[in-house]
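**Q** Here it is, the structure, as structure tokens.
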Amino acid sequence: MSDTHIASAFDRDLETIQAQIMKMGGLVEQAILDAATSLETRDEELAEQVRQGDRAIDALEEQINEEAARTIALRAPTAIDLRLILSVMKIAGNLERIGDYSKNMAKRTTVLAQMAPINGSTVALRRMAREVEKMLRDALDAYIQRDADLARDVVNRDHDIDQMYNALFREFLTFMMEDPRNITPCMHLHFIAKNTERMGDHVTSIAEQVIYLVTGDMPDDVRPKQDRTSIDPSVAPKA
């Protein structure tokens, strides 16, 4: 009876933590979309909502970590149960970082709203952010469903995000070379693009945690990063 009671208590703790993870994931998904929308529409009020909303995301990460630590201390989980708790903590950390990048996008939106727009750039950035949000949604679905194949698909799709970033990087360089007045807004837009690319990396890390959770093994690091702007002379500006 004692073992049954402990298992039941662990299951309840786990349900609480997983509910918090899904709530946090939903807030992060919305933050990505709202930040991208505020950038495209120059909606400073929506951008401010994203910035303020990051507090709730941070608070949820703290709650999840505290609950996970308490569960480990009280239930002493082993094997797959411990793996699950540790994966949850890492997923929460990745979600928190994605939230931070969304907040940073919103901060730059308030600056860019005072500058002349760069033709077509915000539409492309919103498309990129939308793809990251879809990846995140699938990664969270893979977590709930314990679907390693869906998680692997998310990992593979990060290649597309890298390609979109590389294309935007080249585009911003072109705009800056054509007109020095474009340098400041393009630098802000580049940082937003890079932050969005980093969101994709964190979503990929979540998907890799799902694979680890289901299989017990982390995927082999055979996926080369396609962001070559810092090493490829055909992409990066010459000194």
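The values are calculated or read from the model by the stated rules, or taken from the named source; none is laboratory data. Since the model is a prediction, treat every value here as computed from it, not as a measurement. Don't worry about glycine lacking a Cβ; one is built from the backbone with ideal geometry, like all the others, and counts go over all protein chains shown. Ligands, DNA and RNA are stripped out before the accessible areas are found, and what is left, the full protein with its side chains, is counted by its heavy atoms. Shrake-Rupley method; radii C 1.70, N 1.55, O 1.52, S 1.80 Å.
**Q** Name the residues in segment 139-152 that are of a type in the set (D, E, K, R), in contact (Cβ under 8 Å) with a residue 40 or more places away in the chain and in a helix (DSSP H, G or I), would you?
**A** Arg152
**Q** Now for a different question. Quick check on my filter: what residues within segment 160-188 are open to solvent by less than 70 Å² (accessible area, probe 1.4 Å), free of Cβ contacts under 8 Å to residues at least 24 places away in the same chain and within 20 Å of Val111 (Cβ to Cβ)?
**A** Passing the criteria: Met176, Asp179.
**Q** Does Asn94 count as closer than 26 Å to Met218 by Cβ and either open to solvent by 50 Å² or more (accessible area, probe 1.4 Å) or free of Cβ contacts under 8 Å to residues at least 40 places away in the same chain (or both)?
**A** no
**Q** OK, next. Does segment 45-68 hold any residues that are touching an Asp or Glu at 6+ places or on another chain (Cβ under 8 Å), surrounded by fewer than 19 Cβ atoms within 10 Å (Cβ to Cβ) and among the aliphatic types (A, V, I, L, M), and which are they?
**A** Leu46, the sole residue that qualifies.
**Q** Looking at segment 124-142, which of the residues that are hydrophobic (A, V, I, L, M, F, W, C) and closer than 19 Å to Asn166 by Cα is surrounded by the fewest Cβ atoms within 10 Å (Cβ to Cβ)?
**A** My answer is Ala124.
Quick grid of which residues meet (1) without any contact (Cβ under 8 Å) to a residue 24 or more places away in the chain; (2) open to solvent by 40 Å² or more (accessible area, probe 1.4 Å); (3) under 30 Å from Met177 (Cα atoms):
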{"position": "Ser87", "(1), (2), (3)": "no, no, no"}
{"position": "Lys103", "(1), (2), (3)": "no, yes, yes"}
{"position": "Thr122", "(1), (2), (3)": "no, no, yes"}
{"position": "Val155", "(1), (2), (3)": "no, no, no"}
{"position": "Asp158", "(1), (2), (3)": "no, no, yes"}
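**Q** Under the condition of being open to solvent by 40 Å² or more (accessible area, probe 1.4 Å) and not charged (D, E, K, R), which residue from segment 19-43 is nearest to Asp141 (Cα to Cα)?
**A** Here the residue is Met22.
**Q** Moving on. Please go through segment 213-232 and give me each residue that is of a type outside the set (A, V, I, L, M), open to solvent by 40 Å² or more (accessible area, probe 1.4 Å), over 19 Å from the mean Cα position of the chain (by Cα) and modelled with pLDDT under 55, ordered by number.
**A** Across segment 213-232, the qualifying residues are Arg228, Ser230.
**Q** From the list Ala116, Ala79, pick out the single residue that is open to solvent by 30 Å² or more (accessible area, probe 1.4 Å), on the phi > 0 side of the Ramachandran plot, of a type outside the set (Asp, Glu) and modelled with pLDDT under 95.
**A** Exactly one of Ala116, Ala79 is open to solvent by 30 Å² or more (accessible area, probe 1.4 Å), on the phi > 0 side of the Ramachandran plot, of a type outside the set (Asp, Glu) and modelled with pLDDT under 95, namely Ala79.
**Q** Further, regarding this structure: Mind checking which residues of segment 194-212 are among the small types (Gly, Ala, Ser) and open to solvent by less than 10 Å² (accessible area, probe 1.4 Å)?
**A** Gly200, Ala207
**Q** List pairs: first in segment 192-219 and more than 29 Å from Ser121 (Cα to Cα) and of a type in the set (Phe, Trp, Tyr), second open to solvent by less than 40 Å² (accessible area, probe 1.4 Å) and modelled with pLDDT under 95, Cβ under 7 Å, 6+ apart or cross-chain?
**A** From residues that are more than 29 Å from Ser121 (Cα to Cα) and of a type in the set (Phe, Trp, Tyr), the pairs are Tyr212/Ser87.
**Q** All but one of (1) more than 22 Å from Ile192 (Cα to Cα); (2) surrounded by fewer than 16 Cβ atoms within 10 Å (Cβ to Cβ) hold for Thr71; state the number of the condition that does not hold.
**A** Going through the list (1) more than 22 Å from Ile192 (Cα to Cα); (2) surrounded by fewer than 16 Cβ atoms within 10 Å (Cβ to Cβ), Thr71 breaks only (2).
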